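To start, the structure under review is shown below, and the notes come after it.
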Amino acid sequence: MSGEHGWRSTFRAWRGRRPFAGGMLLTLGGAEILVTMKAPLPVILHIGMQGLAGYLLPTLMLVCGLLIVFNPAQRLFYSVIAVLLSLATWVTSNLGGFFVGLLLGVVGSCMTFGWLPDQEPRVSRRKRRKAARAAAEALQPSPLPGEPA
């Protein structure tokens with residue numbers, strides 16, 4: 001049981017130092033667009049560059065999402081490129097994977113762009129309530145000896 005807690009806390013700390021949610025949304029958006037593309041590659045190559053772009057753009061979205069997760073130092077560059085790629089899939093890839101992949105890509109890119117690495121970690125609601133109760137109990141005056149409680 002303690003081994004499970006160890007890897008979970010390690011993963012949580014690793015995830016907290018990078019724009020994990022934005023990168024994962026972007027990766028899911030690229031993967032969703034790729035899944036909605038059903039034409040085989042020989043047909044795409046026969047159609048030409050427009051058909052090839054239908055596979056290239058979501059693949060680059062997927063790569064940008066993984067780069068955001070594993071190389072957060074360059075997150076601003078990757079997020080700007082990724083939002084442009086996501087918007088370009090509107091034209092090249094079945095309306096951006098029927099809007100789902102397009103929206104996942106744009107939201108993930110925007111979340112990554114807005115992520116701040118030096119932010120304090122969020123405190124859970126349970127911990128905030130516990131701290132407020134402890135502070136309220138500390139402010140209560142203690143009864144004097146001889147006074148009824």
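Readers should treat all values here as calculations from the given coordinates under stated rules, not as data from a laboratory. Note that this is a predicted model, so its numbers are computed, not measured. Don't worry about glycine lacking a Cβ; one is built from the backbone with ideal geometry, like all the others, and counts go over all protein chains shown.
The overall shape of region 75-133, judged from the alpha-carbon gyration tensor, is oblate: a/c is not under 1.5, and a/b is no greater than b/c.
The modelled label-to-label distance for the pair Lys130/Val35, using points 7 Å beyond Cα in the direction of Cβ, is 3.8 nm.
Taking packing as the residue-averaged number of other Cβ atoms within 10 angstrom, the listed peptides 95-101, 16-22 run from highest to lowest as 95-101, 16-22.
The HN-Hα couplings worked out from phi for region 13-26 by the Karplus form 6.51 cos²θ - 1.76 cosθ + 1.60 (θ = phi - 60°) are 5, 5, 5, x, 9, 8, x, 5, 5, x, x, 5, 5, 5 Hz, whole numbers, x standing for Gly and Pro.
A Förster radius of 25 Å combined with the Cβ-Cβ distance from Leu76 to Arg15 puts the calculated FRET efficiency at roughly 0.85.
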